[in-house]
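Enquirer: Structure below; questions to follow.
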Amino acid sequence: MVAAPVLDELREVCQPQAKLASRNGEHWAGRLYMRKLSLRFTRQLVRTPVTPDQLTWTMVVCGVAAGAALAIPGLTGAVLAVILMQLFLLFDCVDGEVARWKGQNSAAGIYVDRLGAYLADAALMAGAGYRAAENGFGGWLSIGLATALGVVLLKASTDLVDVARARRGLGVADDESTRPRSQGVANVRRLAAAFKIHRVTNGIEASLVLLVAAIADVASGGIEPTRWALGALAVITWVMVPAHLLSILSSSRLR
């Protein structure tokens with residue numbers, strides 16, 4: 001069997017500083033702890049026939065399964081959803097690292113990776129709606145589906161910047177271009193960034209919010225905390241949709 005590469009050599013190839021330093025290219029949890037863990041998995045996986053695309057599809061399955069796990073009542077479903085979302089993040093790190101080491105980057109892999117991000121976050125919000133409806137159908141499920149639609153729109157509005165730039169023959173927008181040209185919009189954006197409230201629209205953070213709500217459900221003997229959490233996620237998401245669009249249009253990303 002091929003010897004495992006040295007971690008420092010692996011880190012230099014698989015975790016380029018430009019990507020880790022990018023505000024939009026790396027999840028905060030990746031920088032905080034997951035990249036340290038993922039590199040150890042990658043070190044073993046690069047010695048196997050496993051392909052980056054197979055790892056990306058595993059990531060997608062974990063993300064969608066996290067949403068399905070919320071159909072399991074009580075703490076069990078919420079804990080399982082958190083674990084699966086952490087696995088989603090792990091495989092999201094590992095697939096790219098293996099691709100860089102093996103030189104197997106592909107457009108298909110990038111496409112499936114982005115699709116997985118859409119599906120995971122949407123599945124989690126839809127699962128939260130099913131959970132809030134107490135495993136039934138009705139208004140709370142509709143709120144969950146509406147929240148899922150909102151998070152998809154948030155991701156799509158970001159990805160469509162790259163589409164628009166590519167069609168105009170422009171390169172990928174850098175972090176500097178994301179700054180709003182309007183001082184008023186910039187001030188609002190800084191205020192929102194200070195509280196980090198927008199992060200709960202991401203599946204990783206949303207799963208943790210729903211876990212806290214599930215603990216409160218057990219303490220209160222009802223489902224109301226989960227409903228309040230879902231309601232808050234829905235409001236934040238749909239406030240973010242037009243705000244994010246305004247932020248994009250008032251920046252230099254489309255210029």
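Enquirer: Within the range 94-104, does at least one residue satisfy the condition of being within 30 Å of Arg255 (Cβ to Cβ), modelled with pLDDT under 95 and in contact with a helix residue (DSSP H, G or I) (Cβ under 9 Å, 6 or more places away or on another chain)?
Expert: Within the range 94-104 (the criterion being within 30 Å of Arg255 (Cβ to Cβ), modelled with pLDDT under 95 and in contact with a helix residue (DSSP H, G or I) (Cβ under 9 Å, 6 or more places away or on another chain)), the answer is yes, since at least one residue qualifies.
Enquirer: So Glu9 fits all but one of (1) in a loop (DSSP other than H, G, I, E, B); (2) at pLDDT below 85; (3) loosely packed, with under 13 Cβ neighbours inside 10 Å; what number is the exception?
Expert: (1)
Enquirer: Quick one: would you say Ser207 is surrounded by 15 or more Cβ atoms within 10 Å (Cβ to Cβ), at pLDDT 75 or above, more than 27 Å from Arg255 (Cα to Cα) and small (Gly, Ala, Ser)?
Expert: Considered against the rule, which asks whether it is surrounded by 15 or more Cβ atoms within 10 Å (Cβ to Cβ), at pLDDT 75 or above, more than 27 Å from Arg255 (Cα to Cα) and small (Gly, Ala, Ser), Ser207 comes out as yes.
Enquirer: When you look at Ala234, is it touching a residue at least 12 places away in the same chain (Cβ under 8 Å), small (Gly, Ala, Ser), open to solvent by less than 40 Å² (accessible area, probe 1.4 Å) and out of contact with any His (no Cβ under 7 Å at 6 or more places or on another chain), yes or no?
Expert: Here the answer is yes, as Ala234 does meet what is asked.
Enquirer: Would you please name the residue that is surrounded by the fewest Cβ atoms within 10 Å (Cβ to Cβ), looking only at residues in the range 100-119 that are under 20 Å from the mean Cα position of the chain (by Cα) and among the charged types (D, E, K, R)?
Expert: Arg114
Enquirer: Residue by residue through the range 22-67, note down the ones that are open to solvent by less than 20 Å² (accessible area, probe 1.4 Å) and of a type in the set (S, T, N, Q).
Expert: Ser38, Thr42, Thr56
Enquirer: Right, something else. On the basis of being open to solvent by 40 Å² or more (accessible area, probe 1.4 Å) and acidic (Asp, Glu), does Glu97 make the cut?
Expert: For Glu97, the condition - open to solvent by 40 Å² or more (accessible area, probe 1.4 Å) and acidic (Asp, Glu) - is not met.
The values are calculated or read from the model by the stated rules, or taken from the named source; none is laboratory data. Keep in mind that this is a model prediction, so the values were computed, not measured. Cβ: placed from backbone, ideal geometry, glycine included. Neighbour counts: every protein chain shown. All accessible areas refer to the heavy atoms of the entire protein, side chains included, with ligands and DNA or RNA removed. Shrake-Rupley method; radii C 1.70, N 1.55, O 1.52, S 1.80 Å.
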